[in-house]
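A short worksheet on the structure shown next.
The values are calculated or read from the model by the stated rules, or taken from the named source; none is laboratory data. As the structure is a computational prediction, the values presented were derived from the model and not from experiment. We place every Cβ from the backbone using ideal geometry, glycine too, and count neighbours over all the protein chains shown.
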Amino acid sequence: MLRRRVIPYFLLGPGTFWLVLFFVVPLYYMFKLSLETGVVGNLEFNWHWANYSNVFDLYHTQLVRSFVYSGVATLVALLLAYPLAYTVAFKAGRFRTLLLFAVVAPFFTTYLIRTLAWETILSDGSPVTSFLHAVGLAPSGHVLANKDLGVARSFCATKFGLLD
């Protein structure tokens, strides 16, 4: 019986370790750094709490504006997300797949933009490709000699007007 109560806590171990290692430890070091005084490279830890009052005095307007913007963005997201999630989950019917696609599709925008950016960076006339050819790290000829990429490029150009 004791074993059944203890096992879930062992299962929390890896996640807790990850959280402590990559969140709590850096947060501690940033907090410690915020209480130091001196010049970069020659800092001394002395519990200098006046650093916080100095920040509030110097950057009061920016701090208030940041909190207001983040609060408004959070409220708008909540006001949009919960009714949308409820609608998709319970009322969408045959349009459920379409609505889920409309919610998920914007997340692929960054992937598309990164793909087009790499295409631009590795195009035949780019400085990066010229440098790679000069150093001998790129194969002779085209770096992006891919027939499928040409089809995708022309499709994007004609359907979405994304390319020149």
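So if I check each of E44, E36, which one is in contact with a Gly (Cβ under 9 Å, 6 or more places away or on another chain) and either of a type in the set (V, I, T) or modelled with pLDDT under 95 (or both)?
Numbers: E36 fails: in contact with a Gly (Cβ under 9 Å, 6 or more places away or on another chain).
After ruling out the rest, the residue left standing is E44.
Of these, V64, V68, which one is part of a helix (DSSP H, G or I) and either more than 30 Å from V103 (Cα to Cα) or under 21 Å from the mean Cα position of the chain (by Cα) (or both)? Show your work before the answer.
Numbers: V68 fails: either more than 30 Å from V103 (Cα to Cα) or under 21 Å from the mean Cα position of the chain (by Cα) (or both).
Result: V64 is the single residue among V64, V68 that is part of a helix (DSSP H, G or I) and either more than 30 Å from V103 (Cα to Cα) or under 21 Å from the mean Cα position of the chain (by Cα) (or both).
Just name the residue that is nearest to the chain's Cα centre (by Cα) out of those in segment 124-143 that are of a type in the set (A, V, I, L, M) and assigned to a loop (DSSP other than H, G, I, E, B). Spell out how you get there, then give the answer.
Start the filter on segment 124-143 by keeping residues that are of a type in the set (A, V, I, L, M), which leaves 128, 132, 134-135, 137-138, 143.
Pick out the ones that are also assigned to a loop (DSSP other than H, G, I, E, B) and you get 137-138, 143.
Working: L137: 31, A138: 30, V143: 29 Å.
In this case the residue turns out to be V143.
Which of the numbered conditions does T120 fail, given that it passes all the others? Conditions: (1) modelled with pLDDT of 90 or more; (2) within 23 Å of the chain's Cα centre (by Cα); (3) not basic (K, R).
Failing condition for T120: (1).
So, in segment 96-146, how many residues would count as being closer than 30 Å to P83 by Cβ and not small (G, A, S)? Break it down stepwise before answering.
Start the filter on segment 96-146 by keeping residues that are closer than 30 Å to P83 by Cβ, which leaves 96-113.
With not small (G, A, S) added as a condition, the list becomes 96-101, 103-104, 106-113.
Adding up the residues that qualify gives 16.
Collect the residues in segment 48-58 that are of a type outside the set (F, W, Y) and free of Cβ contacts under 8 Å to residues at least 12 places away in the same chain, keeping them in residue-number order.
Of all residues in segment 48-58, those of a type outside the set (F, W, Y) come to 48, 50-51, 53-55, 57-58.
Result: A50, S53, N54, V55, D57, L58.
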